[in-house]
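Quick one: this structure, given as structure tokens, is what I'll be asking you about.
The values are calculated or read from the model by the stated rules, or taken from the named source; none is laboratory data. Here the structure is a predicted model, which means the values were calculated and not measured. Using ideal geometry, Cβ is built from the backbone for each residue, glycine included, and neighbour counts are taken over all protein chains shown. The protein model used for the area step is the full one, side chains on, heavy atoms only, and it has no ligands, DNA or RNA in it. Shrake-Rupley method; radii C 1.70, N 1.55, O 1.52, S 1.80 Å.
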Amino acid sequence: MGKDSNSFVHIDSLEELVDTISDLLGCPVTVEDVNFRLLAYSSHEKVTDAGRIATIINRQVPEIIINGLWRDGVIQQLKNSDNPIRVSPIDEAGFGSRIAIAVRNGNDLLGHIWVIGSGHADEVWQTQLLKEAAEAVGIKLLQLRYRRKNEHEGYHKFFQQILSGEINTQERIKERALQVKVSLPPEFSIIVFESPEEISESMYRQIAYLANTFKSVQVIMSSNEGQRLIFLVNPDARKGTPNKNCSSFISSAISQMTEKLGASGFIGGCGCVYSNYRKIQTSYQEALTVIGIKRKLPEETKGIFHYPQLGFFRFIPAILEKNADEAYQNQALQKIGEYDQQGNSNLLKTLEIYLKYDNIKETASALHIHINTLNYRLKRIEEIGEIDLMDPMQKLILYFDLKTEKFLT
């Protein structure tokens, strides 16, 4: 080697280690964790760029840079390679050329080292130095992870206690928040994402990072509970209405999870926005209600994420319970359903689409049938069910009962 990297051995702090790497390479160096949060950086003189300055100021890599790294395949390369890789500039983000290397513990990705400049990985000694640097940084990041583990366990336990209602007074919640170093916002909402399969810790960390990059809400606490991700967020009203902020966050997060992480099938919902922390459990249950109803009625609730948006749908569980107690069935729907079974027809589906659009032309178009055919079917529906589709109240009852029955299937 052309430089002596033995000086890595006795370095106590990550900051000193980064300065040493920078001195040996003669270039500015930054170290970030696996979620692109800044952990340490060397000083720089003239050789720097706007992307590095923005990362240092914000203590994390800006979203525009991360999007560019995903687009150019850099993040995918870092996941799969132990060697230094050359990173091209991202001009729109003020991000110049870099050399990057992944920091690992076995197969576990811990973070990355970034070196500004374009000519520092070609010589054998420089490549070897970066590999040894990654090994030394890995030791420091493992030490940092172990220190944070105890903090995280206290934080996670606190989040579980307030979600379950175990800690349920405003004063006690604020007291415990101070102990685990959580800064509670003046207003909050609980947001839940549900996956069709178990969410790994690695996937959770990636999603948590994505969540922290969105501007519509501020993530205060998060938790991975099997197939569910739970977030306590601050829907900052200064950046829009709280309800819209939460809905925007959910919609954007699901889109990004699918596009960037290949994590499809997520459902998201959020509870009401509250200022009293005794309402955390309430907001959590409201978010779970949204999830449950969206799972059962995906088409009807496609654009719904926020509990108040559910409208009538939020009463379905209570209606089902009352219907079961009273052995209630809608007689008209029962007769039409029996007719469908006997005659192999599909009048119930026709009625459902008609009640959705409440318009002859749009219903015929949705069913791909002629208007005359639709009018004939609607007449048969009225005759069989003994109903009047010109009566708004009857149509409302039919719609509600149809959706309630559909919820059971």
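Residue check, Gly343 against (1) small (Gly, Ala, Ser); (2) open to solvent by 40 Å² or more (accessible area, probe 1.4 Å); (3) in contact with an Asp or Glu (Cβ under 9 Å, 6 or more places away or on another chain), all met but one. Which one?
With (1) small (Gly, Ala, Ser); (2) open to solvent by 40 Å² or more (accessible area, probe 1.4 Å); (3) in contact with an Asp or Glu (Cβ under 9 Å, 6 or more places away or on another chain) applied to Gly343, the lone miss is (3).
Got a number for residues in segment 192-233 being open to solvent by 20 Å² or more (accessible area, probe 1.4 Å), in a strand (DSSP E or B) and touching a residue at least 12 places away in the same chain (Cβ under 8 Å)?
Of the residues in segment 192-233, 6 are open to solvent by 20 Å² or more (accessible area, probe 1.4 Å), in a strand (DSSP E or B) and touching a residue at least 12 places away in the same chain (Cβ under 8 Å).
Looking at segment 245-257, I want the residues that are in contact (Cβ under 8 Å) with a residue 12 or more places away in the chain and have a partner that is in a helix (DSSP H, G or I) and open to solvent by less than 40 Å² (accessible area, probe 1.4 Å) with Cβ atoms under 8 Å, at least 6 apart or on another chain. Which pairs are those?
Once the first residue is in contact (Cβ under 8 Å) with a residue 12 or more places away in the chain and sits in segment 245-257, its partners that are in a helix (DSSP H, G or I) and open to solvent by less than 40 Å² (accessible area, probe 1.4 Å) give Phe249/Ala211; Ala253/Ile207; Ala253/Leu210; Ala253/Ala211; Gln256/Leu210; Met257/Ile207; Met257/Leu210.
How many residues are surrounded by 12 or more Cβ atoms within 10 Å (Cβ to Cβ) and in contact with a Lys or Arg (Cβ under 7 Å, 6 or more places away or on another chain) if we restrict to segment 54-81?
2
Take the conditions surrounded by fewer than 17 Cβ atoms within 10 Å (Cβ to Cβ), in contact (Cβ under 8 Å) with a residue 60 or more places away in the chain and closer than 30 Å to Ser264 by Cα and apply them to Arg145. Does it pass? Give the derivation first.
On the way: surrounded by fewer than 17 Cβ atoms within 10 Å (Cβ to Cβ): yes; in contact (Cβ under 8 Å) with a residue 60 or more places away in the chain: no; closer than 30 Å to Ser264 by Cα: yes.
No; evaluated as a whole, the condition is false for this residue.
Taking into account only those residues within segment 28-52 that are among the β-branched types (Val, Ile, Thr) and modelled with pLDDT of 90 or more, which is surrounded by the fewest Cβ atoms within 10 Å (Cβ to Cβ)?
Thr30
Here's something else I'd like to know. When both residues are 6+ apart or on different chains and their Cβ atoms are under 7 Å apart, which pairs have a first residue that lies in segment 327-351 and is without any contact (Cβ under 8 Å) to a residue 12 or more places away in the chain, and a second that is surrounded by 15 or more Cβ atoms within 10 Å (Cβ to Cβ) and hydrophobic (A, V, I, L, M, F, W, C)?
Gly337/Leu348; Asp340/Leu347; Asp340/Leu348
Let me ask you something else. Spot the failing condition for Met1; the list is (1) at pLDDT 90 or above; (2) over 27 Å from Ser202 (Cβ atoms), and only one is missed.
The number of the failed condition is (1).
Mind listing whichever residues of segment 12-26 are open to solvent by 10 Å² or more (accessible area, probe 1.4 Å) and not charged (D, E, K, R)? Explain how you work it out, then say what you get.
We begin by selecting, within segment 12-26, every residue open to solvent by 10 Å² or more (accessible area, probe 1.4 Å); these are 12-16, 19-20, 22-26.
Listed by number, the residues that qualify are Ser13, Leu14, Thr20, Ser22, Leu24, Leu25, Gly26.
Among the residues that make up segment 234-242, is at least one of them open to solvent by 10 Å² or more (accessible area, probe 1.4 Å), basic (Lys, Arg) and in a helix (DSSP H, G or I)?
From segment 234-242, those open to solvent by 10 Å² or more (accessible area, probe 1.4 Å) are 234, 236-242; that's our starting set.
From what is left, the residues that are basic (Lys, Arg) are 238-239.
Next, only the ones that are in a helix (DSSP H, G or I) stay: 238-239.
Yes, segment 234-242 contains a residue that is open to solvent by 10 Å² or more (accessible area, probe 1.4 Å), basic (Lys, Arg) and in a helix (DSSP H, G or I).
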